[in-house]
Each structure stands twice: as structure tokens, then as C-alpha cells.
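Report on one structure; see the data block that follows.
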Amino acid sequence: MQHDQPTTDGDSSFPFPQPELEDSDPRSSRHLEVVRSASRVRVNLRVLESLLRHTLRQEGLRHGQLTLALLDPQEMREANLQFHDADEPTDHLGFQYDAPDGEVSGDIFICPEVCVEQAADFAETPRREIARVAVHGVLHLAGWNDDTPARRRRMRAREDAVLASALELASVARWMEGGTHGR
């Protein structure tokens, strides 16, 4: 997936405007947030935040300004149309922003409804598929690419390794082993 720089320029159709931060605040360059929009699939936001932090640790990176937004299919279709001229929802979109060396900054949009639909295609539980897509999005922002079959296999192997190590985190393990809905 190519990383695109979304243009917000006051465009109210963009689902999540960039937060206004004061440059004088030393904490302003490091912020991680997981937000839900209109997605009807229940996802434990704290677990996803833990999973993002874990993925970055596994990559030896820190987060800068990093947002994971859960969009419903209509919002994702609109974002996909706006940034990729594809008039359909997708499981994820990623937007990488400039960051100092050793940091990852950007936005990851995930559509849990699409993840739930495609989970069966990959013989995964819906929660594990949502977790995989979240890890996949972070790996893209960290520089991984899946534009060739060989790179796709390497990236999938890295996703598997990160997810396996994430199961050592009790909250992640409990959530990923659950069903489609709930906390």
C-alpha cells in the first residue's frame, strides 16, 4: 500500500481532523490515540492501543503522533474514494507523516465490519483479524511494504510473529481469543 498524505485543509468531509497541538509543549510530538467513529463492531480500544504499542516495541520504534481510527463501511468507502479513487470500503488505509528517526507518525483507518467479513476467508476469528489488520497498519507506517508476493509473505510472517508475541500480554490474549462482539 502506498502511503498518501491526506489533505485536510479545513475539509469537513475528512473524518478525523488533525489535533491542534502547541509546539511549545514537549509532549505534543508524542501522542497515541485509538478512536471509534460510527463502526458498530464492538472493539476494546484499550487492547488495540496495547497492541499498537507492542507492535512498535517489537519494531524497536516509538510512536510520535499516531492515531488508529475505527470507521464504519460508509466512512471507509468515502476515505478510500477520496485517497485512492476506489468506491468501496477496504479493511484499512494508512497515512504516514514525517517523524524523527526511531519514531512512527501517521493515521491508520480500520473498518472492523470489513475485517469481520474477511476473517472467514483467512480462517481467522473476527477479533484476530482486526488485530492483524491493526498490526499490518503499524508495520506499513514502520516501513514494511507488501507490493510484491515475496514482500507480502515476509510481512505476513512478521505479522504472525508480532501477534504471537502479543499473546503474552494478558489483555490482548483474552480479547483475541473471544468472539465477534463484546469487550
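The values are calculated or read from the model by the stated rules, or taken from the named source; none is laboratory data. Keep in mind that this is a model prediction, so the values were computed, not measured. In this analysis, Cβ positions are derived from the backbone assuming ideal geometry, glycine residues included, and neighbour counts consider all displayed protein chains.
Across the stretch 5-39, which residue is modelled with the highest pLDDT among those that are small (Gly, Ala, Ser) and in a loop (DSSP other than H, G, I, E, B)? Only one residue fits best here, namely Ser39.
Here's the yes/no breakdown for (1) more than 20 Å from Leu68 (Cα to Cα); (2) touching a residue at least 60 places away in the same chain (Cβ under 8 Å); (3) out of contact with any Phe, Trp or Tyr (no Cβ under 8 Å at 6 or more places or on another chain); (4) of a type in the set (A, V, I, L, M, F, W, C):
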site	(1), (2), (3), (4)
Asp107	no, yes, no, no
Pro112	no, yes, yes, no
Phe122	yes, no, yes, yes
Val133	no, no, yes, yes
Arg174	yes, no, yes, no
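Taking (1) of a type outside the set (Gly, Ala, Ser); (2) assigned to a loop (DSSP other than H, G, I, E, B); (3) at pLDDT below 95 in turn, Val172 satisfies each apart from (2).
Within the stretch 149-160, is even one residue at pLDDT 95 or above, in contact with a helix residue (DSSP H, G or I) (Cβ under 8 Å, 6 or more places away or on another chain) and of a type outside the set (Lys, Arg)? Yes, some residue in the stretch 149-160 is at pLDDT 95 or above, in contact with a helix residue (DSSP H, G or I) (Cβ under 8 Å, 6 or more places away or on another chain) and of a type outside the set (Lys, Arg). Of the residues making up the stretch 100-111, none is modelled with pLDDT under 85, in contact with a Ser or Thr (Cβ under 9 Å, 6 or more places away or on another chain) and acidic (Asp, Glu).
Scanning the stretch 141-169 for residues that are among the hydrophobic types (A, V, I, L, M, F, W, C) and outside any helix (DSSP H, G or I) yields Ala142, Trp144, Leu167, Leu169. Filtered by the rule that a residue be surrounded by 12 or more Cβ atoms within 10 Å (Cβ to Cβ), without any contact (Cβ under 8 Å) to a residue 40 or more places away in the chain and closer than 16 Å to His54 by Cβ, the stretch 141-164 gives Trp144, Arg158, Glu159, Asp160, Leu163.
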